[in-house]
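Input: a single structure, listed below in structure tokens.
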Amino acid sequence: MMKLRALWLKLHRWTALSIGWLLVMSGFTGAVLVAALPLDQWWRADLFQARTPGPPSTPLQPLVERARAEFGPATTLTVRPVRASGESLRILVRGDWSGTLFIDPVTGQEQGRRGETEGFLNTVFKLHSALWLQEAGKAILAIAAVVYLLLLVTGLVLWWPKRWPPSWRIALDRGLPRALFDLHRVGGAALGLLIAVSVASGAYMAWRPLGGFVSMLAGQEPTEPPKLAKLQPAGPPPTLDQLAATAQARFPEGAIGYLQLPARADRPVRIRLQLPDDPHPNGLTSVWLHPQSGEVLATHRWNELDPGASAVAWVYPLHTGVLGGVWLEVAVACGGLALATLGVTGIWLWWRRRSARHAAPAGALRQSP
């Protein structure tokens, strides 16, 4: 039994040491993002709040034409319309320059812009979601999530008490090392599931192949965008406002979350809507339209997508805390801080034990907690 426990301890310790820094970073930046997002919107009210009071009245087509003229035809544009009173309208640009344009929805004038990696919030988000490494970083984070689940299992095995109910006591009167040891052990057991949900949901969103794997296990093919038919339109192409009206007519009860305009002319326009029963804050229901004719090519309701894609409707708000309101957001932030704390305390305890082993004479090392 002691040999088996020693094996579990080595597995837990060296697995944690190999990715501990990554878990500390992921947990800390995740907690920062939960708090920083509303603070950023408050601090940069000049961007996020409309300068001119009143309901949105500017048409969308001139705005995207102006953006196309500035950034070029090979640029992907995503329009985020006003969702709440007093908000600015936003255009997400992906091309030679990537970032967000903030537009006054009443006058149509640009209020400002911010690059994709400009500012504290965007910098932290890129680190948290992809380690500043694009798709490679997302894959690394997905692997780290799987490794964390291994850490959780080995940690629970090491913590598992011989007698129940277990003791949740953290001894604060026996020195810092013992307090940190108890905090690491009890905190990992008590909050392990919360942290595991947060880590796993983040990996699921970050690395798209995981969704395809889930659909494959369910025996379904991933839902693909429709192909454009070779069509010679008789008149001028519809405006973005007309395309939005067509999509809205298909789901009158829904609110438009995004209007996605691809850079390539042979790709359809996608308009995402949030339906009343959709938990995703941006909506996952899609209407695909032909950009030259305005024809509806396909409609994909969020709960009729393949399992891997439809799961995102729950996974995303669960990971960010939006699904449960302010209390879940607080829990998500606490889970991130707990993950960072577990990483720091685990590494510190290992380093202290290692330093003591090298400093003590042979046979003089006292067993530490």
Exercise. Kindly express, to the nearest 10 degrees and within the range 0 to 90, the angle between helix 240-250's C-alpha long axis and the longest C-alpha principal axis of the chain.
Key: 70 degrees
Quiz item: How far is helix 61-71 tilted off the main Cα axis of the chain, in degrees rounded to 10, range 0 to 90?
Solution: 60 degrees
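Once you order the gyration tensor axes a ≥ b ≥ c over the Cα atoms, which shape class does the range 1-54 get: rounded for a/c under 1.5, otherwise prolate or oblate by comparing a/b with b/c? Spell out each step's value before the answer.
Values: a/c = 8.56, a/b = 5.61, b/c = 1.52.
Verdict is prolate for the range 1-54.
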Practice problem: Would you please give the FRET efficiency between L9 and L275, computed as 1/(1 + (r/R0)^6) with r the Cβ-Cβ distance and R0 = 56 Å, to the nearest 0.05? | Solution: 0.65
Quiz item: Which value in nm describes the separation of the simple spin-label points at A35 and F213, placed 7 Å from the Cα toward the beta carbon?
Solution: 3.3 nm
Quiz item: So for V344, V32, what's the accessible-area order with a 1.4 Å probe, most first?
Solution: V344, V32
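For a test of the definition: using alpha carbon positions, the gyration tensor, and the 1.5 limit on a/c, classify the range 216-271 as rounded, prolate or oblate.
Oblate, because a/c is 1.5 or more while a/b does not exceed b/c.
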Practice problem: Please give the solvent-accessible surface of S355 in Å², to the nearest 10, using a probe radius of 1.4 Å with every protein chain present. | Solution: 50 Å²
Quiz item: Quick one: helix 325-359 against the long Cα principal axis of the chain, what's the angle to the nearest 10°, folded into 0 to 90?
Solution: 40 degrees
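From the Cα gyration tensor of the range 106-229, with a ≥ b ≥ c the square roots of its eigenvalues, which class applies: rounded if a/c is under 1.5, or else prolate if a/b is larger than b/c, or else oblate?
Cα axes put the range 106-229 in the oblate bin.
The values are calculated or read from the model by the stated rules, or taken from the named source; none is laboratory data. Owing to the predicted nature of the structure, the values given are computational and were not obtained by experimental measurement. Virtual Cβ from ideal backbone geometry, glycine too; neighbours counted across all protein chains shown. These area figures cover heavy atoms from the full protein model, side chains too; ligands, DNA and RNA do not enter into them. Shrake-Rupley method; radii C 1.70, N 1.55, O 1.52, S 1.80 Å.
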